[in-house]
Structures are given as structure tokens and as C-alpha cells.
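K.L.:
I have a structure here, written as C-alpha cells, and I will follow up with some questions on it.
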Amino acid sequence: MLSAHTFRSSPGPYYSFVASTTPASPWNISSPVRADTLPFFQHLLGPSPPSAEECDNIADTLSRDALLACSDGSHLPTAAQASHGWVIADNIETILSSNSAPTDGHPLSLSSYQAELSGLLAMLYMLYKISRYYNMEGKKATIYCDDKGALNNVFRQPRLGLTPFFTAHYDLLEVAYEHLSLAPLSITGTWVKGHYTGQHRTF
């Protein structure tokens, strides 16, 4: 599991978070993922988003239906810290891009579930941006995660009525649903056992 990063609280709801974009910011460098990315997603993806070359490699892997992705989250209650991370690789375990970031939220509301959701959402956003830019219509991608609850909530059909709005961190789920529906890819979520120490520890 990822180690928690230093907590950075936001002044309001997730969508109002304003990240610094100084001349040294990686978001001033052109790439399919970095272009026109709102501050919320900049913060979600972390300080080293995929470069143009990495996006090319990810798109090439997607075109061969050989892309594997993994996200994870961590929460340290005693320090009120949480973080999430992601890795994108091909089916022979060559890492194409990876990063981590602090998970935003009020210290009393942070949880490992929120961190896992943030990692999944970061992955969905990247796949959405890259697949739209390179026109990856009908291609396939798999996201692996060790949190069954987060996976089930993200990849199941959204329920109708008022009940879903009482689900924990529904704001993140709503954004995840939107990007799943807009991406031209077929994206599936698969559970993997966390902290596995047995034989055949493949990606």
C-alpha cells in the first residue's frame, strides 16, 4: 500500500480547488493528458502527469488492447493523511507511466475508501483524455484495484432516485460515472488481493 503524503486541505469543495500553475509547473508542458486539464484533475493526477511521449506509448498499447492499469490508496488516521497513486503498464509489465498525489478532504472525513476512489478517478480521467485524443474507439482497458467497495461503486450501473446521493463521496463517484460514459474505450474494473505475499506476484 502507498505511504501517506502530507495532507493539503482545500478551501472548499473538490471542484473549487485552485492549484498553482507557475512557469515551472508540468501543466505548462503540452501533452494530451495535460492539455485543458482543470486544477482539480491537476491535483488529482499528481506532480508528474504523463508526458507527450508517455501518452504516445499508452495510446500504442491501447491500440493493441494490451493496456493494464492499477490504482491504490492509503490512509493514516493518526496523522489525518491520505494519498493515492496509479501505474499504467503493458501486458508484459513494462511501466509506461506512474505517479502519486495527496488525497484532498477534511481531516475528519478522510478514509482509505476516499483514497481508493481518488486513485480510480485519476486513472479514468487519464484514459478518457488519451482515448479521446487518439480516437481509441472500441479499444479495451482494465483497471486493477484492491478495494472491492470502490470498484463495485464505480463500475456498477448508477442507481436512480435520491438514495445514491447519500453514498459516501458521491461527488467523486458522479465524476467517475461521467468519464466512464464519455470515454470511447471499454473499461473494466478487476479486484486484486492487496498485500499479496505468495507465489506468482505478477502485475
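Computed from the coordinates by the stated procedures, all read-outs in this text should not be read as laboratory data. Every value quoted in this text rests on a predicted model; they were computed, and no experiment measured them. Positions of Cβ are backbone-derived with ideal geometry, glycine not excepted, and every protein chain shown enters the neighbour counts.
K.L.:
Using the Cβ atoms and a cut-off under 14 Å, what net charge is assigned to the surroundings of Asp171, where Lys and Arg are +1 and Asp and Glu are -1?
P.N.:
Residues near Asp171 contribute -3 overall.
K.L.:
Under 1.5 on a/c is rounded, so check that first for region 14-191, then, if it is not, pick prolate when a/b is larger than b/c and oblate when it is not; a ≥ b ≥ c are the square roots of the alpha carbon gyration tensor eigenvalues.
P.N.:
Oblate, since a/c reaches 1.5 and b/c is not below a/b.
K.L.:
Could you pull out every residue, at least 5 positions away or on a different chain, whose amide H is within less than 5 Å of the one on Leu96? Hs are placed 1.01 Å off N in the peptide plane, and Pro or chain starts have none.
P.N.:
Amide H to amide H, under 5 Å and 5 or more residues apart or across chains, Leu96 pairs with Ile88, Ala89, Asp90.
K.L.:
May I ask you to sort Ser30, Ser83, Ser71 by Cβ crowding, counting other Cβ atoms within 10 Å and putting the fewest first?
P.N.:
By the 10 Å Cβ count, ascending, the order reads Ser30, Ser83, Ser71.
K.L.:
Right, next: Kindly put Met136, Met126 in sequence by how many other C-beta atoms sit within 10 Å of each C-beta, fewest to most.
P.N.:
Ascending Cβ contact count within 10 Å gives the list Met136, Met126.
K.L.:
Now, a different point. What residues have an amide H closer than 5 Å to that of Lys140, excluding those fewer than 5 places away on the same chain, when H is modeled at 1.01 Å from N in the peptide plane?
P.N.:
Distant-sequence amide H within range of Lys140: Asp65, Ser186.
K.L.:
Next question. For Gln81, which sequence-distant residues (separation of 5 or more, or a different chain) have an amide H within less than 5 Å of its own amide H, given hydrogens modelled in the peptide plane?
P.N.:
Amide H to amide H, under 5 Å and 5 or more residues apart or across chains, Gln81 pairs with Leu76.
K.L.:
Also: Quick check: pseudo-label points 7 Å beyond the Cα along Cα→Cβ at Leu182 and Asp60, how many nm apart are they?
P.N.:
The modelled label-to-label distance comes out at 2.8 nm.
K.L.:
Still on this model: Which ³J(HN,Hα) values, rounded to whole Hz and listed in residue order, are derived for region 170-183 from phi using the Karplus coefficients 6.51, -1.76 and 1.60 in 6.51 cos²θ - 1.76 cosθ + 1.60 with θ = phi - 60°, glycine and proline given as x?
P.N.:
Coupling constants for region 170-183: 5, 4, 5, 4, 4, 5, 5, 4, 4, 6, 5, 6, 8, 5 Hz.
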